[in-house]
Amino acid sequence: MRAGLKQKETELSTYEFNPKTNLKLRNWFVQEKRDLAFRKNRTPYSTWVSEIMLQQTRVAAMLPLYEKFIHRFPKPEDLAIAEEEEVFRYWQGLGYYSRAKNLLAGVRKLVNEFGGKFPKSLNDALSLPGIGPYTARAILSISYNLPFAVLDGNAKRVLSRLVLFKESGTKADSALQRIADSFLNLEFPGDHNEAVMELGARICIPKPLCKECPLQNDCLAYQHGVQESIPEIEKKKKEIPLNIRFHILKTKQGILLVRYPERRFFKTIYSLPFSFEGKNPYEMDPILDWNLKPSDLGIKFKHTITHHKIQGFVSETDLDTKSEKKILENFRKIRPSIEIKYCNWKNLETEFPSSIAKKIKQTLAKDGAILPGLEN
């Protein structure tokens, strides 16, 4: 073994790290850490918001949205009294709206049951909706400097290479958590966790920049020349190509939007009704079994949702009062949970808070398509 690590003979997954390894990592972080907006005011609430936003989202894309969100909802009490739809509008661009829904539920519980003060107990933190082990440990260590080691994708990669840990996947997480706990700098746990994640985000990347790494001499994977093959790469989910048609249903009240949790996508936000076309692995939504003759607008756009590669199409249909009533009755009969509202063309992106709405409008404008009655 190297100077930075000693593995106990009595328990294979227990490690003792040389304190100098921690010191090198902290010194690097203090000198090289990025100047990020969410690091300027490390309250438990701001850390919570930033950590949830950073899930499935790159830092560069998240930063402007984080600043707008915090400006609108600077304290948990401000967020707790907000309407869900407004929160979704400020979440637009981040996707995965269930994160925003859970954040709102968690903050409301924080305000109602904890007086707005984030708990210092791990179990209490985990009782808040939307907070799992990683988020709880991140908040407690970064904002309260409590000794909890975090384990996100970046940390897993750093630790696996550091100790030559070859396993991967959820089954390996418990062993990696023990390694992370052993490596934790108990004097500066918050800085330590951020340093590990920063190292993984910038240097110990899938194709690592070992010459720039402060822990190069401590890294077992580097010493054995196997850093690029550790951790083992998990098989990615097979991409699913989908053709989805979005329906612009025009009524006297405006464009019809729907929301219901039983559908495949957009479970938590209002959207245009949509249907799958061609070969796909999903059953047809019975709510869309309607006798309409939509007009294809002749436009196409591309979109990605997780591992789904979507080719989007758009149709429009004018609904008279009788047709609208019949469709709404059918909606409510098949999906009692359905919620319905209307919007005009101008605020489609606000009321359907997905980049798909923006793509539809931009593609229509590019192709010179005109929607009668929807110019405003």
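Just so you know, all these numbers are worked out from the coordinates, no wet-lab data involved. Note that the coordinates shown come from a computational prediction; the quantities given were computed from them, not determined experimentally. All Cβ positions, glycine included, derive from the backbone under ideal geometry; neighbour counts span all protein chains shown.
A few remarks follow.
- Highest mean packing first, where packing is the average number of other Cβ atoms within 10 Å per residue, the peptides 180-188, 76-84 line up as 180-188, 76-84.
- Calculated from backbone phi, Karplus (6.51, -1.76, 1.60) coupling profile of segment 46-60 in Hz, x at Gly/Pro: 5, 5, 4, 4, 5, 5, 5, 5, 6, 5, 6, 9, 6, 4, 4
- Estimated [θ] at 222 nm from DSSP helical runs (n ≥ 4, -39500 (n - 2.57)) normalised by residues in the chain, nearest 500: -12500 deg cm²/dmol
- Rounded to 5, the percent of DSSP beta bridges in the chain classed as antiparallel: 70
- Of the peptides 331-340, 95-104, the order by per-residue mean of other Cβ atoms within 10 Å, starting with the highest, comes out as 95-104, 331-340.
- Dipole of the chain computed with +1 at Lys/Arg Cβ and -1 at Asp/Glu Cβ about the Cα centre; of W28, Y282, G116, farthest Cα towards the positive end is Y282.
- For R26, net neighbour charge (Lys/Arg +1, Asp/Glu -1) across residues whose Cβ lies under 12 Å away: -2
- Structure-derived Rg/Rh (Cα atoms, Kirkwood Rh) - corresponding label in (i) 1.05; (ii) 0.95; (iii) 1.21: (i)
- Here the chain is assigned +1 on the Cβ of each Lys and Arg and -1 on the Cβ of each Asp and Glu. Its dipole about the Cα centre then comes out at about 480 debye.
- A full extension of the chain between Q56 and H71 corresponds to an added length of 3.2 nm, given 0.36 nm per residue minus the alpha carbon distance.
- Sequence ranges 246-253, 157-164, 276-283, 48-55, ranked by mean other-Cβ count within 10 angstrom, highest first: 157-164, 48-55, 246-253, 276-283
- From phi via Karplus (6.51, -1.76, 1.60), per-residue ³J(HN,Hα) for segment 312-318 in Hz, x at Gly/Pro: x, 10, 9, 10, 10, 9, 8
- Given +1 at the Cβ of Lys and Arg, -1 at the Cβ of Asp and Glu and no other charges, the dipole of segment 246-348 around its Cα centre is 240 debye to the nearest 20.
- Stretching K207 away from K358 to a fully extended chain increases their span by 50.9 nm, per 0.36 nm per residue minus the current alpha-carbon distance.
- Candidates per trypsin sites (Lys or Arg not before Pro) in segment 163-248, loop by DSSP, up to 15 other Cβ within 10 Å: K166, K235, K236, K237, K238
- I248 long-range amide H proximity, modeled H, under 5 Å: S315, E316, T317
- Charge dipole of the chain about the Cα centre (unit charges at C-beta), most positive-ward option of F148, T363, F246: T363
- Most mobile listed residue (K40, K75, K24) in the chain, GNM with C-alpha springs under 10 Å: K40
- Cross-link pairs K279/K300; K33/K171; K156/K236; K302/K325 - those with Cα-Cα distance over 25 Å: K33/K171; K302/K325
- Computed magnitude of the charge dipole of segment 132-269 (debye, nearest 20; Cβ of K, R +1, Cβ of D, E -1): 1280
- Between helix 173-183 and the chain: long-axis angle, C-alpha atoms, 0 to 90°, nearest 10: 50
- For segment 19-141: rounded, prolate or oblate by the Cα gyration tensor [a/c cutoff 1.5]: oblate
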